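The values are calculated or read from the model by the stated rules, or taken from the named source; none is laboratory data. What you are looking at is a predicted structure, and each value in this text was computed from that prediction instead of being measured. With ideal geometry, Cβ positions are generated from the backbone for all residues, glycine too; neighbour counts draw on all protein chains shown.
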Amino acid sequence: MSPQPDPLPARSLAARLWVSPRVAHYALLAGLTALVPLPFVDAWLERRAHRSMYRVVAEEAGQPFDEAVLAVLAEDRSSLVLGCLGTAVIWPIKKLFRTFFYFLTIKDVIDGTAEATLRAAMVRAALARLPHDARVVRNAMDVTLGRHQYSPVSRAFFRGERPQAEWVANADRVDKSVAWIYQKAGGGPILAAFLHQLEGRPATPAAPVAPAAPPSAEAPS
């Protein structure tokens, strides 16, 4: 079966992607946290990179987010119990295997970078609903990524996809690499799925404004 074409043309995809050196560098930094050999620290650093990445996306769009919005977009939603179990049992086994199969770590770096680029593009595309719908946007991001295969390595092996990235020909080496990973991760189709997912979610109702208290009557003198 031949791979489906990207529904977004190259120029539209470039515009939606952000094509920002600062965002690209933070996305790559998020992926590189897979190389940190300490449990919990790697995940903490990845969240910090995501948080900084979202801050840059918002600032470059002229719509800075406050810390509460950044916290929602970058919060850790994994189960604490399962996370501790994975750290105690699975993590040492994975590290042992990666001693012999270093490409597994490289795959994690690529996958982490791909996820960061997709999340950055989603935040950029959802700016009209931020900051008031931060939790709705975050939920739509998680659901979309949970339903789609975005690992560039897996997509290349099992789907035979070989997208190009000529639309960032004037970017630096990091920008080109990150943009190439974004396309390899299925950036255009996944971003379109995210927008469809977001359209089906109602906006958060505005908090009602409390009526002003009536002036207290003065006691007669």
Filtering the range 99-157 down to residues that are surrounded by fewer than 21 Cβ atoms within 10 Å (Cβ to Cβ), hydroxyl-bearing (Ser, Thr, Tyr) and assigned to a helix (DSSP H, G or I) yields Thr99, Tyr102, Thr105, Ser154
Look through the range 46-91, keep the residues that are aromatic (Phe, Trp, Tyr) and in a helix (DSSP H, G or I), and return whichever of them is modelled with the lowest pLDDT. Trp91
